[in-house]
Structures are given as C-alpha cells and as structure tokens.
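Visitor: Got a structure for you, questions after.
The values are calculated or read from the model by the stated rules, or taken from the named source; none is laboratory data. This structure is a prediction, so every number in the text was calculated from the model and none was measured. All Cβ positions, glycine included, derive from the backbone under ideal geometry; neighbour counts span all protein chains shown. These accessible areas exclude ligands, DNA and RNA; they are computed on the full protein's heavy atoms, side chains included. Shrake-Rupley method; radii C 1.70, N 1.55, O 1.52, S 1.80 Å.
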Amino acid sequence: MNKPERVFVAGHRGMVGSALVRALRTQSNVELVLRTRQQLDLCDNAQVEAFFARSQIDTVFIAAARVGGIYANHHYPAEFIRQNLQIQTNVIHAAWKHPVSKLLFLGSSCIYPRLAPQPISEASLLTGPLEPTNEPYAVAKIAGIKLCESYNRQYGTDFRCLMPTNLYGPGDNFHAEDSHVLPGLIRRFHDAVLQSQPRVVIWGSGDPLREFLHVDDLASACLHLMALPLERIKQLTTPQCAHLNVGSGEEVRIGTLATMIAEAFDYEGHIAFDTSQPDGTPRKLLDSSKMHSLGWRPTITLQEGIARTVQHYLAGHTTAAIELAGRGFIERPQLRL
Ligand code: GDP
C-alpha cells in the first residue's frame, strides 16, 4: 500500500472542520492530523511554524476561522478581522515553507459586493462596496484568497479556494444572539416550545433572501475539488480569480425559513418581525455553475437538512437538559417532538 496521505484539518472541532473529518474518515489511505486549540494556537505564528516543521503534512484544509452571524460581526469586528488574518496567514505561509502538496482555503459568500448581480459569479469579487455589517470579516477572507493566489503565482503552490454560501448543520453555533439565522432560529423556536411562549421574534423584516447549504454537502464539495487535477481547475479559473463558489442553488425568504423551522418544532404560536434589527444584504445567491461543471452536486434539501439539524440540536440539548434535571438544577424538559 502507498504511504498514507497526511491531512491536516485546521479547525477540526468546528462545524465545517468536523464535517470534513467525517467525510475524510470514509476515504482510504488518509491519515488525519488533528490539533485542538489548546495543542496548537493557529493565531500564534511560532507554534504554527513549529507544527508544520515537524509534521510532514501532505494536504491542508483551512476550516479554522472566527465566524458568527450579523450580531457577532457587529459587536466583535476587531476579533473577526484580526484572528482570521492571523490564522490564514500563519497556515498558508507555513504550508508553503514546509511544502505541502495541496491546500484548501475556505471563504464565505460575504466576500462579494452587497449589491452584486445575482446569482453572484466569482468575477464579482472586488467590483463594489461590501455589506457593512460584516465588512471586517469579509476583508479578511478576501485577503485569504489573495494570499493563496499570490503564493500560487510567485511560488507555484497548489492552493485552492472555495467560497461557500450560508452553511448550517451539526456542530453549528446555536447561541441565541451570536449565531447565524438558521441555528439561531432553531434555538429560539425550541426555547419557545419549552417555555410555552406565545410568539417568537425574528430579526429584521423577514424579506431578505438567503441560500443555505448543509455542511455535509460542503464537505463533499471540498473533497471533490481537492481530488481533481489542478489542470482541470485551471480551465475554469485565472491566476487573479482562482476561487470557486459552492452553494445549493436553493434560495429562501427569511420569513419562510422561520415558518419551516416553526413547523419542524410543531410550534403554533405567532411569528413576529423586529424591524429595528438589521436585514443585512438583501439577497445572496451564489452562481455555483463552475463547481457543477466540475461534477459536484448537493444532495441534501433544505427541508431534510433542517429536520436533521433539529434532531442533532435536540440530541445535544436533551442530553444536557436531562443531565441537569437529574442533578436537580432544572425541571425535566417537556419536549413536544
Ligand atoms: P448574513 O447572511 O451574513 O446576513 O447572516 P445571518 O445568518 O446572521 O442573517 C441572515 C438574515 O437573517 C438577516 O436578514 C438577519 O436579519 C435575519 N435574521 C432573522 N432572525 C435572526 C436571528 O435570530 N439570528 C440571525 N443571525 N439572523 C437573523
């Protein structure tokens, strides 16, 4: 048997990283190299440098990032720009210095101008002003793409870039305020059911349109892209526009999303909209035709993905709640599911 491919997943405990690990574990001849934040601080250049110097990594997936929804981006802009710049700069530079054969950098659809023509093509990058609510994060991610392109151009590295649409799934952040809309609403509707609340408040007008991709579909896209010969990818990209979009193509109104999540919980109360909260960018649908032409397709519909994510959330929540109930801290929850 050939020597196993040593694959480093940076950020393997996050939603994207853990989906990548699940997908990579199904592949033969892969040896995963994983480090927790306590073992390796990716913001610390000396630690990253020493790790790459001794680890003989073949392939890198950069799934580590400081991420969050509209509220977190608004309240912690300094952390969002600084930590993302540090993580990606440290890992990309070390991956060049202690040569890996391939690296995948993951960005976000918020790299595109706020009013980019829809569906958003890769060529829209840097053609207009960004959405102000997440500009610092977006600027860091754009810098990550430009780092990869620059190393490829100057040093001939094979650093690839994938820009996912709004992601969700197991391992997401279900915080009531700091999260993205889909996990945030799962949390909110679940709390409403547990506490018999007559109404649930959604931020903004409910009118913005968003595209959602289940994180397991993203993981399959990442592995698909990394398995392709570089020449095949170069037919669709240029040295100055090397990134590719990945989305589900399924677009939904935030108000409709709220109704879908309410239905998943059998919640029959009222859904209210707090228009004093920001809507963010009005529409964000990616043109994923290049990834499609490379032979990748998503397989999980939004409805199925919401059902799976609700089950995942309930499994974690119920375990924690029953444990607390057993220790007399809270009352045993009455789940209606
Ligand atoms: P975005 O796609 O970068 O804007 O990120 P978000 O997932 O944070 O927000 C998407 C849309 O959902 C925005 O229009 C928000 O105003 C709206 N939204 C409605 N309720 C919530 C909520 O509870 N949490 C979040 N994060 N967004 C919400």
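Visitor: Search the range 187-200 for residues being open to solvent by 50 Å² or more (accessible area, probe 1.4 Å) and within 15 Å of the ligand (Cβ to nearest atom), and hand back the single one that is nearest to the chain's Cα centre (by Cα).
Guide: Looking only at the range 187-200, we keep the residues that are open to solvent by 50 Å² or more (accessible area, probe 1.4 Å), and these are 187-188, 194-199.
Right, trim to within 15 Å of the ligand (Cβ to nearest atom) and you get 187-188, 197, 199.
Numbers: Arg187: 18, Arg188: 21, Gln197: 31, Arg199: 29 Å.
Filtering the range 187-200 for residues that are open to solvent by 50 Å² or more (accessible area, probe 1.4 Å) and within 15 Å of the ligand (Cβ to nearest atom), the one nearest to the chain's Cα centre (by Cα) comes out as Arg187.
Visitor: Enumerate the pairs (first residue in the range 225-253 and surrounded by 15 or more Cβ atoms within 10 Å (Cβ to Cβ); second residue anywhere and among the β-branched types (Val, Ile, Thr)) with beta-carbon separation below 6 Å, excluding pairs fewer than 6 apart on the same chain, so at least 6 apart or on different chains.
Guide: Sorted first by the residue in the range 225-253, then by its partner, the pairs are His243/Ile145; Gly247/Thr165.
Visitor: Checking Phe8 against (1) open to solvent by 30 Å² or more (accessible area, probe 1.4 Å); (2) over 18 Å from Arg66 (Cβ atoms): exactly one of these is not met. Which one?
Guide: (1)
Visitor: Would you confirm whether any residue within the range 25-42 is closer than 28 Å to Pro170 by Cα, part of a helix (DSSP H, G or I) and open to solvent by 10 Å² or more (accessible area, probe 1.4 Å)?
Guide: Looking only at the range 25-42, we keep the residues that are closer than 28 Å to Pro170 by Cα, and these are 25-42.
If we keep only those that are part of a helix (DSSP H, G or I) as well, we get none.
Taking every residue of the range 25-42 in turn, none turns out to be closer than 28 Å to Pro170 by Cα, part of a helix (DSSP H, G or I) and open to solvent by 10 Å² or more (accessible area, probe 1.4 Å).
Visitor: Looking at the range 173-204, which of the residues that are of a type in the set (A, V, I, L, M) and assigned to a helix (DSSP H, G or I) is farthest from Thr256 (Cα to Cα)? Outline the logic, then answer.
Guide: Taking the range 173-204 first, the residues of a type in the set (A, V, I, L, M) are 176, 181-182, 185-186, 192-194, 200-202.
Still in the list and also assigned to a helix (DSSP H, G or I): 181-182, 185-186, 192-194.
Details: Val181: 12, Leu182: 11, Leu185: 12, Ile186: 14, Ala192: 18, Val193: 19, Leu194: 22 Å.
Top of the filtered list is Leu194.
Visitor: Under the condition of being within 17 Å of Cys148 (Cβ to Cβ) and open to solvent by 50 Å² or more (accessible area, probe 1.4 Å), which residue from the range 78-96 is farthest from the chain's Cα centre (by Cα)? Spell out how you get there, then give the answer.
Guide: Taking the range 78-96 and keeping what is within 17 Å of Cys148 (Cβ to Cβ), we get 84-96.
Those still in the list that are open to solvent by 50 Å² or more (accessible area, probe 1.4 Å) too: 85-86, 89, 93, 96.
On the way: Leu85: 16, Gln86: 18, Thr89: 19, His93: 22, Trp96: 24 Å.
Of everything passing the filter in the range 78-96, Trp96 is farthest from the chain's Cα centre (by Cα).
Visitor: Being within 16 Å of the ligand (Cβ to nearest atom), under 30 Å from Asn166 (Cβ atoms) and either surrounded by fewer than 17 Cβ atoms within 10 Å (Cβ to Cβ) or β-branched (Val, Ile, Thr) (or both): is that true of Ile70 here? Give the steps one after another, and end with the answer.
Guide: On the way: within 16 Å of the ligand (Cβ to nearest atom): yes; under 30 Å from Asn166 (Cβ atoms): yes; either surrounded by fewer than 17 Cβ atoms within 10 Å (Cβ to Cβ) or β-branched (Val, Ile, Thr) (or both): yes.
So Ile70 passes the test.
Visitor: In the range 45-67, which residue that is open to solvent by less than 50 Å² (accessible area, probe 1.4 Å) and part of a loop (DSSP other than H, G, I, E, B) is nearest to the ligand (Cβ to nearest atom)?
Guide: Looking at residues that are open to solvent by less than 50 Å² (accessible area, probe 1.4 Å) and part of a loop (DSSP other than H, G, I, E, B), I get Ala65.
Visitor: Write out, first by first residue and then by second, each pair whose Cβ atoms fall under 7 Å of each other, whose residues are 6+ apart or on separate chains, and whose first residue, in the range 282-294, is within 16 Å of the ligand (Cβ to nearest atom) while the second is part of a helix (DSSP H, G or I) and of a type outside the set (A, V, I, L, M).
Guide: Once the first residue is within 16 Å of the ligand (Cβ to nearest atom) and sits in the range 282-294, its partners that are part of a helix (DSSP H, G or I) and of a type outside the set (A, V, I, L, M) give Lys284/Ser109; Leu286/Ser109.
Visitor: Can you name every one of the strands (runs of 3 or more DSSP E) wholly within the range 241-283 that holds 1 or more residues which are of a type in the set (Asp, Glu)? Write out each step before concluding.
Guide: Values: elements: 243-246, 251-253, 270-274.
Those strands (runs of 3 or more DSSP E) span 251-253, 270-274.
Visitor: Return yes when Asp207 is under 28 Å from Ala116 (Cα atoms) and not in a helix (DSSP H, G or I) and no when it is not. Break it down stepwise before answering.
Guide: Values: under 28 Å from Ala116 (Cα atoms): yes; not in a helix (DSSP H, G or I): yes.
For Asp207, the condition - under 28 Å from Ala116 (Cα atoms) and not in a helix (DSSP H, G or I) - is met.
Visitor: Turning to a different aspect of this structure: For residues that are among the β-branched types (Val, Ile, Thr) and open to solvent by less than 30 Å² (accessible area, probe 1.4 Å), scanning just the range 97-141, find the one that is farthest from the ligand (Cβ to nearest atom). Spell out how you get there, then give the answer.
Guide: Just the residues of the range 97-141 that are among the β-branched types (Val, Ile, Thr), to begin with: 100, 111, 120, 127, 133, 139.
So of that shortlist, the ones also open to solvent by less than 30 Å² (accessible area, probe 1.4 Å) come out as 100, 111, 120.
Working: Val100: 31, Ile111: 11, Ile120: 13 Å.
If we take residues in the range 97-141 being among the β-branched types (Val, Ile, Thr) and open to solvent by less than 30 Å² (accessible area, probe 1.4 Å), then Val100 is farthest from the ligand (Cβ to nearest atom).
Visitor: Is at least one residue of the range 262-280 on the phi > 0 side of the Ramachandran plot and more than 16 Å from the ligand (Cβ to nearest atom)?
Guide: Filtering the range 262-280 down to residues on the phi > 0 side of the Ramachandran plot leaves 266, 280.
Cutting the leftovers down to more than 16 Å from the ligand (Cβ to nearest atom) gives us 266.
Yes, there is a match, as at least one residue in the range 262-280 is on the phi > 0 side of the Ramachandran plot and more than 16 Å from the ligand (Cβ to nearest atom).
Visitor: Next up: Among the candidates Gly169, Gly144, Gly184, single out the residue that is within 13 Å of the ligand (Cβ to nearest atom), surrounded by 20 or more Cβ atoms within 10 Å (Cβ to Cβ), of a type in the set (Gly, Ala, Ser) and under 22 Å from the mean Cα position of the chain (by Cα).
Guide: Values: Gly169 fails: within 13 Å of the ligand (Cβ to nearest atom); Gly144 fails: within 13 Å of the ligand (Cβ to nearest atom).
Just one listed residue meets the conditions, Gly184.
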